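What follows is a short report on a single structure.
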Amino acid sequence: MRTGAASATFKGFACKRLAWRAAIGGTAAFFLSFSIIATAVAVEFETSPEPLVIETGRGPVSFTVELATTSDERSQGLMNRESMAADHGMLFDFGQTRAVMMWMKNTIMALDMVFIGPDGKVTGVAADTVPFSEAIISSPGPVRYVLEINAGVAAEQGIAAGDTVVHPAVGPE
């Protein structure tokens, strides 16, 4: 009878030890995956020291812009941001002139997307884009840049095709 009791105690100890290892392994896996996700989401954007100016038919309009020049920065964009100052925006530089497709996945704010050619000329505006939408928003032809600003600002400021964008980041390829 003593042998059975000792055996049961040993089995109980072994089960607890396995459970403990599983708990430690699961906790380690959780923190590792969390740190990988946090690293993937933590994209730092450079804020341009110089304002971006759009020369409209009504006069110049200035914006403080963050620059999205890498693939990771362009992928992150303004996702998960709850607000943005009225005179701020994000300038996406695709590095070459091409057709561009955007979407609003995980983007909380409605935006205007200003499509800009390599010469700094506005080629079109996608106004009042729908938050969280996965619908594709295509440029009206080949562009190099896209400026995202708060929804309604383009109409309010008279930003339209043919306007000129002036900024050190905008220029010949």
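The values are calculated or read from the model by the stated rules, or taken from the named source; none is laboratory data. Treat the numbers as computed from the prediction; the structure is a model and nothing was measured. Please note: Cβ atoms are built from the backbone with ideal geometry, for glycine as well, and neighbour counts cover all protein chains shown.
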ILE136: more than 23 Å from GLU44 (Cβ to Cβ), more than 14 Å from the chain's Cα centre (by Cα), loosely packed, with under 14 Cβ neighbours inside 10 Å and not polar (S, T, N, Q), yes or no? yes
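Of all the strands (runs of 3 or more DSSP E) wholly in region 53-129, which have at least 2 residues that are of a type in the set (A, V, I, L, M) and in contact with a helix residue (DSSP H, G or I) (Cβ under 7 Å, 6 or more places away or on another chain)?
On the way: elements: 59-68, 88-98, 111-116, 122-126.
Those strands (runs of 3 or more DSSP E) span 59-68.
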Complete set of residues in region 150-164 that are in contact with a Ser or Thr (Cβ under 9 Å, 6 or more places away or on another chain) and part of a helix (DSSP H, G or I): GLN157
What pairs can you find where one residue is in region 75-92 and assigned by TED's automatic domain parsing to the domain that holds ILE159, the other is part of a loop (DSSP other than H, G, I, E, B) and modelled with pLDDT under 90, and their Cβ atoms are less than 6 Å apart, with a gap of 6+ or different chains? GLN76/VAL43
